[in-house]
Amino acid sequence: MVFPGRLSTGCYVCRRRKVKCDGARPACRRCVTHGRQCTGYPDAFAFREYKATKKPQAGKAAARKRTKKTTDGEQPANGSTSPSAAVSDQYGTDTRLIPTKSPSTPPSPPAAITPCLEWQSLCYFFHQHVLPTEKSPCEGHLAFLPELYQEKGNDPSLRHAILSVSYLSLFNTARVNELYVNARKHYGVALKSLTASLSNRETSTQDETFAAALFLSMFMDLSGERQGAVNPHIPGICSLMHLRGRPERSSKYARKLFGWAFTQIQIQAVANNQFAYACLPASINMVYNPDYVLRSGIITSMISEFCQGASEFRRTEHNYPPTARARLLHSILGRAYFIMEQINIWDEAVPKHWKRQFVVPGMGHVNHAEQAASPDPWTPCFLAVVQAAQILYLLHVFECWEKFVPFASAINDEHIEHYPVETFSGIDDRIRSLIEVICDTVTYTLGHVTPNHEFQLHPHSKLANGYTLLWPMWVVVNSGLATADQLTLCRLALQCVGSTMGCRVASVLCADGRPEEPRSSILEQSSMTRSLTAVQ
């Protein structure tokens, strides 16, 4: 159960040296004064084993005698009530565990009392995945979950879905078999309840139904048991998004659930060439004056449509003569040019407190304790998802541009629009810049690589950060433009998230990395740079 006592609030260094620590953040004054590196503070969430006492103590025996007298109708002389009666009067539920004299059947345990493992699992899951923040997209990762669970926790599909991921999260850390059995049990019940909810037109569009589907998708990621890299719940989540329509027109939690769904399914759908599942409904794409979170989802939907068209062209390009091939590529690049302008507009319109997250301090400018104590570790992770989608988009654009350059002279139309060459010629530098920001985000919010080539987590890093950065790190590893240090960072971070933090799909992504020729060498050998002047 959750440790009720008070743990030491000192940093790791002061606790090891057994000296008093003032608890200053990000680094304590004692460490700063003596020139030591303050390595942060221990996690406030701790467990201790609970063992029931077999032999009752004298105080407990006296309490049982007083309880027996009270149940026989004898009130205390001073007119006060017993502690158990006071609790019963306060909460309206008899929480006494001592049997009373009653001719009827024994009283059933109150609904408020739940198994200890359930509360341990829920507390651990909320501690690791709920990241509230004041100024952040979607109000932080699953910041709405406590309120949603309190309001909608009676819904069987939502309740069992949350319990399934809670048990599984704790099992991945504690490795207690009973936790895994309970996780699988609740997962099966949640699937059955969700099927019943989806069969009803009214319940299929409710927040609790959509949230249950998202939690079941998270279950597959935490377990790492899915076949291939694509999550099997993505098609259903995509269908629910189309069924629900615009988030702001649906319900209380609709927009927050949309933001969570964006970070959970859109980027991995594009990364796995499942572009249809990343495309948003027309009602969302046509929304007037969308906010920044919704706008990022709309741009990712545009990116998905573009990547799908580019992939289809590559499969059928040999069927077209040079002139037709050049015109098709010109049309595809026109769409790419429009999306690139939309990305630039989104970047310029991002709020100032978001823009500060783009420039993340590197390892040489700030110590690890200051990184770990960041007041907002969630916003950079969300922005990393957006940046990963842009990397995938730019890689497709570069391949189309490289194919277009040799055939550009085949188009002899004065009325055709010619795009600025510099827009496409600097794609490689733009990709490298995005990769650098994502890697800085990993170092800033998750951990760093030690001199022994091991990944060390920050003391305050949460599984929510590692879970959100899964696909951005995978994109960096498979981009072909990352440096050796960036590849090492993201690979070791994925392994750490999979083994230490317990998100098993990270280990699957490490094993399923797509080895290919580095794109840096492709860029150097490409004929694109030799033909830029002629095209211009």
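Things to note:
- Yes/no for residue 183 being of a type in the set (A, V, I, L, M, F, W, C) and over 29 Å from residue 290 (Cβ atoms): yes
- Flag if residue 422 is among the charged types (D, E, K, R), at pLDDT below 95, part of a helix (DSSP H, G or I) and surrounded by fewer than 19 Cβ atoms within 10 Å (Cβ to Cβ): yes
- Every pair of residues 6+ apart whose Cβ atoms lie under 6 Å, when the first sits in the stretch 150-171 and is over 13 Å from residue 206 (Cα atoms) while the second is among the β-branched types (Val, Ile, Thr): 160/189
- Looking only at residues in the stretch 160-200 that are loosely packed, with under 14 Cβ neighbours inside 10 Å and charged (D, E, K, R), the one that is nearest to the chain's Cα centre (by Cα) is 175.
- Among the conditions (1) farther than 25 Å from residue 184 by Cα; (2) at pLDDT below 50; (3) among the hydrophobic types (A, V, I, L, M, F, W, C), the only one that residue 131 does not satisfy is (2).
- Of the helices (runs of 4 or more DSSP H) lying entirely inside the stretch 218-330, not one carries at least 1 residues that are in contact with a Cys (Cβ under 7 Å, 6 or more places away or on another chain), at pLDDT below 80 and crowded, with 16+ Cβ neighbours inside 10 Å.
- Residues located in the stretch 473-490, provided they are assigned to a helix (DSSP H, G or I) and under 15 Å from residue 430 (Cα atoms): 475, 476
- Enumeration of residues in the stretch 201-217 that are of a type outside the set (Ser, Thr, Tyr) and either buried (at least 17 other Cβ atoms within 10 Å of the Cβ) or in contact with a helix residue (DSSP H, G or I) (Cβ under 7 Å, 6 or more places away or on another chain) (or both): 206, 207, 208, 210, 211, 212, 213, 214, 215, 216
- Verdict on residue 441 being out of contact with any Pro (no Cβ under 8 Å at 6 or more places or on another chain), assigned to a helix (DSSP H, G or I) and either of a type in the set (Lys, Arg) or within 22 Å of residue 389 (Cα to Cα) (or both): no
- Residue 461 out of contact with any Phe, Trp or Tyr (no Cβ under 9 Å at 6 or more places or on another chain), assigned to a loop (DSSP other than H, G, I, E, B) and polar (S, T, N, Q): yes
The values are calculated or read from the model by the stated rules, or taken from the named source; none is laboratory data. Note that the coordinates shown come from a computational prediction; the quantities given were computed from them, not determined experimentally. Here the Cβ is made from the backbone with ideal geometry for all residues, glycine too, and neighbour counts use every protein chain on show.
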